[in-house]
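Let me begin by presenting the structure, written as structure tokens, before commenting on it.
The values are calculated or read from the model by the stated rules, or taken from the named source; none is laboratory data. Everything numeric in this text was worked out from a predicted model, so none of it was measured. Heads up, the Cβs are rebuilt from the backbone with ideal geometry, glycines too, and the neighbour counts pull from every protein chain shown. The area values use the complete protein model at the heavy-atom level, side chains included, leaving out ligands, DNA and RNA. Shrake-Rupley method; radii C 1.70, N 1.55, O 1.52, S 1.80 Å.
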Amino acid sequence: MKIFYLGPEGTNSDLASKNIFDKSNEFIPLPSIEDIFEKVALSHSYYGVIPFENSYQGVINSSLNCLIDYDLKISKEFIFKVAHNFCSKNRNLVTNKVKKIASHPQVFGQCSTWIREHYPEAEKIITTSTAEAAKLAQNDRNIYCIANLYAADLFGLVNHTSDIQDTKNNRTRFLVISKSLEKKGQNNKTSVMINLKDQPGSLMKILKPFSDLKINMTRIETRPSRNNIYLHTFFIDFEGFYEDEKITKLIEILEDLSEELRIIGSYESLN
């Protein structure tokens, strides 16, 4: 089976994919989140793994937009613990020789305190991924990088300092996308997209059924509708499987209150 992920090889997406799926599968890196959705949409039984939300920097807009634009389903959720490490091709770390550090812009943001404390004058080299940063460090001993240990091992780098991220509770939520919903797992969530008229009280009306039915909402996000300027689109995650009696009742109520409702996933949460 083919598993598409945000490449290149050595990224956190690569590592997350191999934590979710058995390594006997074929893992294929793609250059963008949009490409992953396109490949899965054109396939019959392939899966895609996308980064969706980081606990430090919030939702990834391209992932959210693609969930709107493509008729695909979330089939699994995986919470990935992010650990950033300071690496290079050099055997020993000489502090005053660190002049260039390469990494992804989000990683620089997640490690900003550590960088300011240790190498405030170092030039930041922006890369499209931590794997690309590791490859630069592999080819040039003057370049240090911030990457995961998987990438460091893949590119033959030495790890000088581990866990340099500003918060030790840095996590990224990855979603598995496919063409259809799957069977109920042990711990389940459901995600829906709801379009509401932009008028007073519309949000309160859709929140009330969650309280009445004692269903735990785990996330809500809103943005203007991409198709109608008079509507707002809400993305809501909540505990439970779409075939559960309480969840079925909730969805019936929400459908009556909204202009449009689409189930974008009912899936097992792998923590």
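Of the set (1) touching a helix residue (DSSP H, G or I) at 6+ places or on another chain (Cβ under 8 Å); (2) open to solvent by 50 Å² or more (accessible area, probe 1.4 Å), all apply to Asn85 but (2). Taken residue by residue, the range 129-143 has at least one member that is within 28 Å of Val49 (Cα to Cα), of a type in the set (A, V, I, L, M, F, W, C) and touching a His at 6+ places or on another chain (Cβ under 8 Å). If the condition is being in contact with a strand residue (DSSP E or B) (Cβ under 9 Å, 6 or more places away or on another chain) and in a loop (DSSP other than H, G, I, E, B), then the range 139-164 contributes Asp140, Arg141, Asn142, Asn148, Phe155, Leu157, Ser162, Asp163, Ile164. Restricting the range 200-217 to residues that are assigned to a loop (DSSP other than H, G, I, E, B) and of a type in the set (A, V, I, L, M, F, W, C), which is least open to solvent (accessible area, probe 1.4 Å)? Per the stated criteria, the residue is Ile215. Leu254: part of a helix (DSSP H, G or I), of a type in the set (A, V, I, L, M, F, W, C) and in contact with a strand residue (DSSP E or B) (Cβ under 7 Å, 6 or more places away or on another chain), yes or no? Spelling it out, Leu254 is indeed part of a helix (DSSP H, G or I), of a type in the set (A, V, I, L, M, F, W, C) and in contact with a strand residue (DSSP E or B) (Cβ under 7 Å, 6 or more places away or on another chain).
Just one of the numbered conditions (1) of a type in the set (S, T, N, Q); (2) part of a strand (DSSP E or B); (3) closer than 25 Å to Ile20 by Cβ is not true of Thr233: (3).
Of all residues in the range 44-69, those satisfying the criterion of being open to solvent by 10 Å² or more (accessible area, probe 1.4 Å), touching a residue at least 40 places away in the same chain (Cβ under 8 Å) and among the hydroxyl-bearing types (Ser, Thr, Tyr) are Ser45, Tyr46, Tyr47, Ser55, Tyr56. For the range 174-184, taking the residues that are open to solvent by 20 Å² or more (accessible area, probe 1.4 Å) and touching a residue at least 60 places away in the same chain (Cβ under 8 Å), the one that is nearest to Gly240 (Cα to Cα) is identified as Lys184.
Please specify each residue of the range 6-42 satisfying the condition of being surrounded by fewer than 15 Cβ atoms within 10 Å (Cβ to Cβ) and touching a strand residue (DSSP E or B) at 6+ places or on another chain (Cβ under 9 Å). It would help to see each step written out before you state the result.
From the range 6-42, those surrounded by fewer than 15 Cβ atoms within 10 Å (Cβ to Cβ) are 19, 22-24, 26, 31-32, 42; that's our starting set.
Selection gives Asn19, Glu26, Pro31, Ser32.
Residues in the range 222-237 include at least one that is of a type in the set (A, V, I, L, M, F, W, C) and either open to solvent by 50 Å² or more (accessible area, probe 1.4 Å) or at positive phi (or both).
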